[in-house]
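S.K.: A single structure is presented below for examination.
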Amino acid sequence: MSNELGTGQSSQHIITNEGNSYKEVTASENVTVVLPVHNEEVSIGSVVLRSKKYSDKVIVVDDASTDHTIDVSEMAGAEVIWKQTHKGNDVSLRKVIEKATSSDIIVIMNLGVCHDPSLIPKMIAPIKDDNFDLSVGICFSKVKPGSENVLLLNNKNTESKRIGFIALSKECLSKIDLPHLSLFSMRSLISMAKKAGIKVLHIDIQEEHEASLFRAYKIGVVVPAYNEERLIQETIGGIPAYVDKIYVINDGSTDRTAEIINNMPDCRVVPIHHEVNKGVGAAIINGYKQALADEMDLVAVMVGDNQMDPYQLPKLIMPIIEDKADYAKGNRLLSRQMRQGMSTWRAFGNGMLSMITKIGSGYWHIADPQNGYTVISRYALETIDLDSIYTYYGYCNDILLKMNAFGMRVMDVTMPARYGSEKSKIKYSKYIRKVAPMIFRGFLWRLKMKYMVLDFHPLVLFYFASMILVPLGLIFGFWIVLEKLVFHGSVSQNYPLLFVFIFLVGMQFLLFAMFFDMQANKKNYSKIT
């Protein structure tokens, strides 16, 4: 991690962490920052001004923007190279170098990956130390939505390294054939540098990139805890630094959980105590309410048993920041590798509840509804009635029912199961008996609210007709079997045909209703990412 110690261009000092030792590096004025851009008028001004803090010159290479990127760049004090056609690969690196002849180091910043100029000192430090001639800042980026599942099922890596920065020394530039290089071909530049024997350093900027991106949002984490004295401290300790508030709810614990929470040194911790055990759903709802009172923009749930990997949190946050979802949840059921450590009985129960919840909630793409690792937007929290949420473990199913009725977008995020010494408190035999009726009641409420009160769709007629005809057909068929085989009575030959007709028509109505429900809900969910 880099930490700024100065603000003037000629007296900036950066501390870089090299193993366990730190040393001071002075950033000179002989640095030029190059910003290839296309339609970046919203952010380019601040990026240019912040980049000037670490350099004596900023060059904006505009890729035929149709907005006011050029005007904003010039007003911020940048030199502009303007392309008239948007091709993305026809600006020679030599042309850029000619405008930075007095610079010892040139830094190329890819705004498509990272908008944080404060990482520039970290990129130039290895070159200033004369250890390397070229440094590359990389961070992981998700593959295209929808394709990750295929890669995971084929045991392929789902994350690709994207280049956010390249820093080059004069020595590096003298060894590369510049006329054949485009500014927009960063990987070609790195490949040619390696062939020329240039020392290249790859720097992982993922952590800093995420922290910079998330600083613009107020992020809270709700941590429900019941008798978690062994794991609660470890859970809180693993929550990333970019989280602003941690709402730890002691749900009537009988061990030392309350004492540990009250004595936590982390100033972000907000203790909430229940005198009696109210259920995990009630604990989370109270955490949500406090987060709303504190005006959090996004609120995650990480249960106090340390089974939710903090490394996965950005994957849940990003869909909401990118306005792809109002609610993001984990999914551990995609493959055997993903659910490793999950018992066969638990996986079967989760699969059954997934199917029931798909039908009940209208989110046909979701799986693993019992996964409590979630992130929700403030808009969604303000829209749903928190006091109506189920307080038992089925709260996560009930939230999906409520969100669908009000048109919220939900995204499944694939992630591996993580189990430690903590045993699940869910007894699936009891759980399904309690939760399944709740889902059915919520399903009826969703149909009424979404397709009758807020709008109208004839699919409700198909659903209700199927709810009458399918049970009626089954009862009638059961009666025929009893009458024929048990009571040895006489049954009309037409009765079996009538049973088949009633049952098949009912099933057809049900399938039509499900199909129309899927079509009506397509805009309310995002594909698994």
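None of the figures in this text is laboratory data; all of them are computed from the coordinates on show. The model shown is predicted, which means the values in this text are computed figures rather than measured ones. Backbone-built Cβ (ideal geometry, glycine too); neighbour counts: all protein chains shown.
S.K.: Between residue 492 and residue 383, what is the spin-label point distance in nm, taking each point 7 Å from the Cα along the Cα→C-beta axis?
M.R.: The modelled label-to-label distance comes out at 5.1 nm.
S.K.: What is the distance, in nm, between label points placed 7 Å from the Cα along the Cα-to-Cβ direction at residue 267 and at residue 444?
M.R.: 5.3 nm
S.K.: About the Cα centre, and with charges only on the beta carbon of Lys, Arg (+1) and Asp, Glu (-1), how big is the dipole of region 217-452? Nearest 20 debye, please.
M.R.: 1160 debye
S.K.: Relative to the compact globular guide of 2.2 N^0.38 Å, what is the alpha carbon radius of gyration of region 459-526, as a ratio?
M.R.: Values: Rg = 16.3 Å, N = 68, 2.2 N^0.38 = 10.9 Å.
Taking N as the residue count of region 459-526, the ratio is 1.49.
S.K.: Using a 10 Å cut-off around each Cβ, can you sort 115, 457, 209, 488 from fewest to most neighbouring Cβ atoms?
M.R.: 488, 457, 115, 209
S.K.: For region 358-480, what are Rg and Dmax over the alpha carbons, in angstrom?
M.R.: Values for region 358-480 (Cα only, Rg and Dmax): 17.0, 55 Å.
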